[in-house]
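Below is one structure, written out as structure tokens, with a few remarks after it.
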Amino acid sequence: MTVKAQQRSALLNILLITVLVVWMVMAAFPFLWTLWGSFKVEGDFFSKANWANSLTGTLTKTETGSAFTGMGYHGAWVKEAFGIAAINTVIVCLFVVTISLTFGTLGGYALSRSTYRYTFWFLIIALIFRAMPPVTLVSGYLPVFFKWNMWGHLPTAILVLVAINQPFTLWMLHSFFKNIPKDLDESAMVDGCNRFQAFRYVIVPVMWPGVITTGLFSFLLAYNDFAVTAMILSKENQTMVPKIAGFLGSTQVKGNVMFAVAAVVSVTAPLFVMIMVFQRQIVSGLTAGAVKG
Amino acid sequence: MKHKTFFWFVLPSSVAMLLFIFVPIISVVVQSLHVEHEQVIISVENCGPFGCTQATTIDQEATKKLLEAEPLGRFSGFDTYADRNHLAVEDVSQAWDKADNWRDFGSQILNLPFYKAMSFTLAYTFIVTPLVLIVGFIIAVAVNGAVKAIRGPIIFFSLLPMMVTPLVGSLIIFWMVDARGVLGSMLQVLAGDPELSVKASTPLTWVMLMFYGVWHSAPFAFIVYYAGLQTVNQDTLESAMIDGANRWEQIRYVIIPHLLPLTTFIALMQLMDNFRVFEPIVSFAASAHATSLSWSIYNDLGGEVRQLSSAAATSVLTIIGVAILLSPVLIRTWRDFSRK
């Protein structure tokens, strides 16, 4: 049996397909275009004569002899030592994610189990902290960091990013722990565990889906940060994103734009893989806050 | 949970937030009320056979002593707030006296750095947020109507603009809109003006930045709305259909009310995130045409001389702005809470 109202008219179908196609082109095309263009020379990527040159690589052929060139990548990774920035990013992200999650699971668990009024205030203060742009805090950090010679080092950036990450991590894990039935850890406590043992042996084994999702977003925050890392890391210790911004300052020299293009593709690639592997967790994380209301 | 256990569990994250969020806020407020010491200058008279010359030098020792006595700098009260780079009290009152009409007054005010940044930040926040809601909703409805097999790939590609580093995402768009880029040349053809450059025009730069904002954030609204659409009560929808509701009426009276709480959530997150707009301005090198509050702070701190007091004053004003923006939500939460 078909319900008449559920069948779509042809016009509506066309409209739906148009929306989908337009959105897909808007979402995917810029990335594909930049990926393709990163293997060309600057004259093709920014073509004065004809935009189709960046597809065919006319100038790339005359300048390098082949339609594709790895010059941008060579420049970024070898000449400009983008690899060091990549290693710095890996160190920062690794530590930020581990420390944030350790602090966050303990705090989030306590917030989900305590029934007192102060948990509400704790969460509200965290929400206010979450709303503040991180760059507003930087002028508070700088004098102290200079005085104590903390400025410019990776551990300083890790500490700051962990703190900025906390409000979000607490909110997210708080709502995940709320979904784990209270009876589970309470029955362990009846059996003679103390609160920490109940957490360690009963909650920890079942908390991983929530922790992985939260970890993904902590990672993104550390990986994508520009405002804070650009201001508190010295030039030698820069992570990838501030380093790309550094390339932009020197774009007057011909070819340096292509270094930036290659670097941009290199930064996007890990995110691409991450979304592919963890798509389900990311979607559930984005909606977790919303479903709670 | 006992108070003591609770205390130990939340201790690590409380200490982190206390040291690196709460204390810095206090420090920012204090700093904004101080300015750096002026260097102590002494003039020395050098007399020689050909007459005397006056030379001025910095008295290093006295300057250092001053810094040690008052490490925060000279107390200046609200002077930094009132100066030309912030609230510009004098310039505003002068403009008020001189200007013939509102338009004139407005254009004079918008030339002042703080008001220029403020106007773009507010325009960006209040234009991008509703657009994100609308575009996200349209995509969600379209994807919900699509065949199941293609939904996964669509969601994958939709996540890209949101997940990618804002600085990088805006660079990608910026390179395409460059006068020599693919979108830039297409716009030139469409407008029939071979000299057209988005970078050079203030209105076009604003449109470009806002376009980027919608492109970046619409996926978030889409994902949340899409998840909401999966939980629409099918019975309600069916009874509406039996009662003769057409497709539009179904959306208007069943689906939209169902999605309303989600809208509040998305709007709240978007207001917070759009108010801090910053990276696209750096990527688009747009500071001549559009600046934001976050950008002003960054600019003060990143220059040759770090203007800490000036950055601190802008930070305090930004935090006040966030507080005003958030106050309706906080008041509502407080009311809900006290009712319990």
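The values are calculated or read from the model by the stated rules, or taken from the named source; none is laboratory data. As the structure is a computational prediction, the values presented were derived from the model and not from experiment. Cβ placement follows ideal geometry from the backbone for every residue including glycine, while neighbour counts extend to all protein chains displayed. Ligands, DNA and RNA are excluded from the accessible area calculation, which covers all protein heavy atoms including side chains. Shrake-Rupley method; radii C 1.70, N 1.55, O 1.52, S 1.80 Å.
Taking A:Gly83, is it more than 10 Å from chain B (Cβ to nearest Cβ), without any contact (Cβ under 8 Å) to a residue 12 or more places away in the chain and small (Gly, Ala, Ser)?
Yes.
Go through (1) surrounded by 10 or more Cβ atoms within 10 Å (Cβ to Cβ); (2) in contact with a strand residue (DSSP E or B) (Cβ under 8 Å, 6 or more places away or on another chain) and name the single condition B:Thr56 misses.
All conditions are met except number (1).
Provide a single number: the residues in segment B:273-286 that are surrounded by fewer than 21 Cβ atoms within 10 Å (Cβ to Cβ) and in contact with a helix residue (DSSP H, G or I) (Cβ under 6 Å, 6 or more places away or on another chain).
Counting residues in segment B:273-286 that are surrounded by fewer than 21 Cβ atoms within 10 Å (Cβ to Cβ) and in contact with a helix residue (DSSP H, G or I) (Cβ under 6 Å, 6 or more places away or on another chain) gives 0.
Search segment B:298-326 for residues being of a type outside the set (D, E, K, R) and not in a helix (DSSP H, G or I), and hand back the single one that is surrounded by the most Cβ atoms within 10 Å (Cβ to Cβ).
Within segment B:298-326, the match that is surrounded by the most Cβ atoms within 10 Å (Cβ to Cβ) is B:Gln307.
Among the helices (runs of 4 or more DSSP H) lying completely within segment B:154-238, list those that include at least 2 residues that are modelled with pLDDT of 90 or more.
Values: elements: B:166-177, B:182-191, B:202-230.
Hits in segment B:154-238: B:166-177, B:202-230.
Using the structure shown, decide if B:Glu36 is within 14 Å of another protein chain (Cβ to nearest Cβ), acidic (Asp, Glu), touching a Gly at 6+ places or on another chain (Cβ under 8 Å) and surrounded by 11 or more Cβ atoms within 10 Å (Cβ to Cβ).
When the stated conditions are applied, B:Glu36 passes them.
Report yes if some residue within segment A:105-127 is touching a residue at least 40 places away in the same chain (Cβ under 8 Å), open to solvent by 40 Å² or more (accessible area, probe 1.4 Å) and charged (D, E, K, R); otherwise report no.
no
Being at pLDDT 90 or above, in a helix (DSSP H, G or I) and more than 10 Å from every other protein chain (Cβ to nearest Cβ) narrows it down to one residue among A:Thr89, A:Thr18; which is it?
A:Thr89
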